[in-house]
Each structure stands twice: as C-alpha cells, then as structure tokens.
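Each reported figure results from applying straightforward, stated rules to the coordinates on display, with no laboratory input. This is a predicted model, so every value here is computed, not measured. Here Cβ is always computed from backbone atoms with ideal geometry, including for glycine, and neighbour counts include all displayed protein chains.
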Amino acid sequence: MSSSTTTVRQTTTVTTSGSSPVVALSVNTAFLTSIGGILTLLELILGIIVFSLCYQYSGYSSGIFLMLISFAYWLISLYILLSAFLSMSGTVLSSTFFYFLFHVFGMLLYAAGGIAVLAEVTRFSSSGYIASGAMGLIAAICHVVHVAFIYKGPKL
C-alpha cells in the first residue's frame, strides 16, 4: 500500500511602487489542515482559556501551578504553529521525539494541575476556579489524543 504526501504552499509577494519585491512570504498550510495542526490549534485555545481563568480566579498554589503550565504550553504551541505555518519543512516537526515528549508531558502536567485545582475546590469556590481545573483536564485529554495520533498515525 503506497502513501503520498501533499504539501500545500502559498506565496504572497508584497511590492512597492518599484518593480522589485520587498517581502516574499511563503506559507505552508499543510500542517494547519492536518489532524495534528487542528489538535495543536485546539491545545493553544484551551491553554489560553485555562491561563485566563487561572489568572482571574486563582489564589491557591495549585491554581498558580496550573496557570504557569498553561502559559508555557500555549506559548510553545503558538511557536509550533508559527514555525509549521511559516516553514517549508513544517511537517517534519510532528515526527520528532521532542514533539512526542511535549505532548506526553503536557498530558501529565495538565492532568496534575487540573486534579490539584479540583481537589482544592470547596463549596465557596468561584465557578471560574472550578472551570479552570476542568478545562485543564480537557487539555490533558487533548494531549492524550495528540499522543495517540503521533504514535499510531492516521490509522487510529
């Protein structure tokens, strides 16, 4: 059974009144339209939501831990998306061991932070604080799915 890879590239050239191009921007959209790209975008959005909820409602050490984890992971997810989007070899990143470890530890740290936040919940806790713990667990599940797709590939 043969497999083929299609790379989609889009080049945008910005010119001034002269005839020479000032900026030539090459965009690789293959990663963004793949399962890995969609999951990375979802992880970025979940990380921003968890960070903003923890920033607004956190007062405990576990909430600060979850806030720091979510900040680190959404920032690195943004870097991964930008590098895959603006690089000609952006699809190579998803086959590296760093990418696999990034998602394994993302799952572990998000799960630990989400469970720690939910363990501190009392009946007097704000709903935003509870939501930050629950969203942390959802982000952990998203990282598990991403690890499964990296390990098994699209055959999953």
Exercise. Hey, among the residues in the stretch 76-88 that are surrounded by fewer than 20 Cβ atoms within 10 Å (Cβ to Cβ) and touching a residue at least 24 places away in the same chain (Cβ under 8 Å), which one's nearest to H103 (Cα to Cα)?
Worked result: I76
Seminar exercise, completed: Matching residues in the stretch 94-117 (crowded, with 17+ Cβ neighbours inside 10 Å and under 21 Å from I45 (Cβ atoms)) number 12
